[in-house]
């Protein structure tokens, strides 16, 4: 038996904790764990994490009402420890009673740890925000291809730092088997919108999970559309780490640095 996907190991962990009736799949996984130290260690970590989360929830001030299911952004903020006050109490109240959201929290925590260890030096694109436009300053040596767009004239005298400046900048970046098409749009002074389209050899990376980080803080976490698209709005000058995890695939990531004009 091949090693199962993480989602199946998470479900097995929940079943083991709740002592649920053993299904044929449960027994097959249990037999696999007896001969696979790697999967056995992973399940053990899942069980410990689930129990630890539930101990925290049991000690919290969560109210008994479960409330609506939590979105990826809320789960990410909870894991980062930046969800405070009433929102945290409401999230914990829901997690204490909703197995689906607790499972998603465990999977997101596991994904965050996987991403931290999976990437060395990330491909980095640097965009300059120069006098009302964008200028591509540096890009990865491999897998990167700029897309030619009709240049937009900058009104007034043209200075040296406005050469090759335009309101839209587009490129493609290969990240393993994931192909990313990106379009940066100068939306307002010192801010951009970033439109991303991700595809795999099998087609659009539908429902791939995207995580946007800045300074080790999650700013956004959600899934791509069925066509593998998403738009990140109002990015201001900073260095961002953008992680994409297609279904049944390893995480991929790149950095985007927005450099303001002097």
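Yes or no, residue by residue, for (1) at pLDDT 95 or above; (2) crowded, with 20+ Cβ neighbours inside 10 Å; (3) over 10 Å from the mean Cα position of the chain (by Cα):
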site: 205; (1), (2), (3): no, yes, yes
site: 211; (1), (2), (3): no, yes, no
site: 215; (1), (2), (3): no, no, yes
site: 223; (1), (2), (3): no, no, no
site: 243; (1), (2), (3): no, yes, no
site: 251; (1), (2), (3): no, yes, no
site: 257; (1), (2), (3): no, no, yes
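When segment 181-201 is filtered for residues that are under 18 Å from the mean Cα position of the chain (by Cα) and either at pLDDT below 90 or under 27 Å from residue 248 (Cβ atoms) (or both), the ones remaining, listed by number, are 181, 182, 194, 195, 196, 197, 198, 199, 200.
The values are calculated or read from the model by the stated rules, or taken from the named source; none is laboratory data. What you see is a predicted model; the values in this text were computed from it and never measured. Counting neighbours? That spans all protein chains shown, and the Cβs are built from the backbone with ideal geometry, glycine included.
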